[in-house]
Structures are given as C-alpha cells and as structure tokens.
Amino acid sequence: MIRKEPSFVINEHGFVDSSSYTSGGAVAWKDIQHIFMYELMGQKMIGVKLQDEKAFLERHNGMKRKLMTANSHMVDATISIAQSSITLPIDQLYLMMMNHWQHGKDSKIHVLNLRKS
C-alpha cells in the first residue's frame, strides 16, 4: 500500500512519526526526556524516551499500545524509529532530531518522505 503522507515530519514544535505500525504519531519537543541511538538485532534505531510515557501510551489503543509497551520495556524508549522503516540514513535523522530538540528555536519545517517503497 502506498501512503501519500510523509513517514516522518520534523518542525519547530516536535515531530510526527508515521514510519511503522507502532510509530508514535505527533510528539512535542517539550515532552521528550531523552533521544538516543541504539542497535537491536543488528539494526540501528533511534530511541525517544518521553517525560510522561503513561499519558502517551494511553493515547493509543489495543495491539499498538501493547507493542509500544513491550518495546519500551526492552530498550527503555517510548518510541523507536528503525533504519529499515526510513530511507534517510538513521544517523542523519538522529542529528536533525537532536538539533531541533536542543535548539527548539529553529522555525524551519522539514518534511521528509522517508518511507521505503
């Protein structure tokens, strides 16, 4: 199935992750506690730990919430973004996210179509 919306959008307010079934959706920079890189089963990933994980998970329902909860127990990341779900090198996305998170004054909007075809 081809999706028309971008799989990942970064702006001055936060990001919108639509890169996978367990993607987090909209997340504000102010709600992020920590962003880090890690590797799981040979795949590079970006982990995002939120200030209020419980409130975030309550926004989701059913199987998606269960999968996100299981993931957060494995790697202590509320949201995980896998290299396999985007086309931009994960290191580049990580640097962009860190820049915006740490310097939230950048008003440019980056729309990244990172979904693999």
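The values are calculated or read from the model by the stated rules, or taken from the named source; none is laboratory data. Quick caveat: nothing in here was measured; it's all calculated off a predicted structure. A quick note on method: Cβ atoms are made from the backbone with ideal geometry, for glycine too, and the neighbour counts reach across all protein chains shown.
Just a few scattered comments:
- S7 at pLDDT below 95, surrounded by 13 or more Cβ atoms within 10 Å (Cβ to Cβ) and in contact with a Pro (Cβ under 9 Å, 6 or more places away or on another chain): no
- The number of residues in segment 24-67 being among the aromatic types (F, W, Y), without any contact (Cβ under 8 Å) to a residue 60 or more places away in the chain and closer than 22 Å to P6 by Cα comes to 1.
- With respect to the conditions (1) closer than 18 Å to Q102 by Cβ; (2) in contact (Cβ under 8 Å) with a residue 60 or more places away in the chain; (3) of a type outside the set (K, R), P6 falls short on a single one, namely (1).
- Meets criteria (in contact with a helix residue (DSSP H, G or I) (Cβ under 6 Å, 6 or more places away or on another chain), of a type in the set (D, E, K, R) and farther than 17 Å from A26 by Cβ) for K44: yes
- Inter-residue pairs, beta-carbon under 6 Å, first touching a residue at least 40 places away in the same chain (Cβ under 8 Å) and in segment 88-104, second in a helix (DSSP H, G or I), 6+ apart: I90/Q83; W101/W29; G104/W29
- Number of positions in segment 12-60 that are crowded, with 16+ Cβ neighbours inside 10 Å and of a type outside the set (G, A, S): 19
- Scanning segment 44-68 for residues that are farther than 14 Å from Y21 by Cβ and either out of contact with any strand residue (DSSP E or B) (no Cβ under 6 Å at 6 or more places or on another chain) or among the aliphatic types (A, V, I, L, M) (or both) returns K44, M45, I46, V48, L50, D52, E53, K54, A55, L57, E58, R59.
- Any hit, segment 52-60, residues being within 19 Å of Q102 (Cα to Cα) and among the aromatic types (F, W, Y): no
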